[in-house]
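Data block below; observations after.
The values are calculated or read from the model by the stated rules, or taken from the named source; none is laboratory data. Because the structure is predicted, anything quoted here is derived from the model rather than measured. Positions of Cβ are generated from backbone atoms using ideal geometry, with glycine treated the same way; all protein chains shown enter the neighbour counts.
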Amino acid sequence: MSLTLHIAVQHEDFDPSVEAARLTEGRPGVGALVQFTGFCRNEGGRLSALELEHYPGMAEAELQRIAEDAVGRFSLIGLSVIHRYGKIMPGERIVLVSATSSHRQAAFDGANYVMDFLKTAAPFWKKEHNADGSHGAWVAAKDEDDSARDKWVKE
Amino acid sequence: MSVKLVYFAWVREKIGKGEEELDLPAEVTTVGELLAYLKTLGEEYDEALKFPEAIRVALNQEHAHHSEKIAGVREIGIFPPMTGG
C-alpha cells in the first residue's frame, strides 16, 4: 500500500473531514486515525486576532522533513500537515495534523511528534493583535516547547 | 561573496526590511561571523541582533548552527525562535 503524505501551507481554512477522507478512503489497512487541530485563542478577551508570518518555501520544506521523519519513525500509513498563515481570528483553526497507522499508538505518537517539532522548527511566527487596539507583541517561544521536542531525542 | 538575506518577524521589523542582497567581506565565513558583521552595519542591525545566541539562521532554507560555513550559500534566513502551531 502506497504512503499518503500531504503538506500544505495556506491562508485559507481547511476541513478536517476532508483530510480524514484523504487518509482513510480506499485504505482498508488503516486501523487508526488521529487528528490534532490547533485553534487561535482570544486569551480571555485580550486578543482580537493573531497574525501568522511564515518563511515561504522553507515552511513547506521543513514540514516535509518533519513529516518524513515521523512516517519513518512510527511506520505511519498516511500523514497530512496543514498550517495556515495571515490574519486568523479567535476560534479559527490554525493547524491540522492527521496521522493514520495500523494500530492506535503509532498514530497518536506520530501526530504528537509532528506537533512538537512543528512548534520548534517550522518557520512560523505569531504576532498578537490586541482587542483594545494597542500595539501587539510577537509571541515568545516557550521553553516547554523545547522540552516537549527533546523528549523524542532522549528516548 | 554576494548573498540574499531574508528576515522574518521582529528581526525583519527591527532591521526595517524583509530582504536584501549583500556583498560579504571575505573574512565572513560562518553564520556566527555573519551575525557579528551584520551588527556593524547600523543601529537597527545592532538592535535586531543584540542577542545573537537567540537568533536562528537557515542556509538555503535549512536550519543551521552558528558554527556552520556559509560559502556557496545563495539564501540566508535570519529570524527569532519559531512560534507556529
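Quick notes
- Residue selected from segment B:73-83 under the condition more than 9 Å from chain A (Cβ to nearest Cβ) and among the β-branched types (V, I, T), by the criterion farthest from B:L49 (Cα to Cα): B:V73
- Look at segment A:10-25: where a residue is crowded, with 16+ Cβ neighbours inside 10 Å and a partner is modelled with pLDDT under 95 and in a strand (DSSP E or B), sitting 6+ places away or on another chain with Cβ atoms under 7 Å, you get A:L23/A:T4.
- Residues being under 14 Å from A:V95 (Cβ atoms) and basic (K, R) - total across segment A:24-56: 1
- Residue, nearest to B:K14 (Cα to Cα), within segment B:32-72, restricted to residues that are surrounded by 18 or more Cβ atoms within 10 Å (Cβ to Cβ) and within 14 Å of chain A (Cβ to nearest Cβ): B:A48
- Selection status of A:S102, more than 14 Å from chain B (Cβ to nearest Cβ) and either crowded, with 23+ Cβ neighbours inside 10 Å or free of Cβ contacts under 8 Å to residues at least 60 places away in the same chain (or both): no
- Scope segment A:112-139; condition more than 12 Å from chain B (Cβ to nearest Cβ), among the small types (G, A, S) and touching a residue at least 24 places away in the same chain (Cβ under 8 Å); matching residues: A:A131
- Flag for A:K151 being within 19 Å of the chain's Cα centre (by Cα) and within 12 Å of chain B (Cβ to nearest Cβ): no
- From A:V9, A:V71, A:V34, residue being within 30 Å of B:E75 (Cα to Cα) and in a strand (DSSP E or B): A:V9
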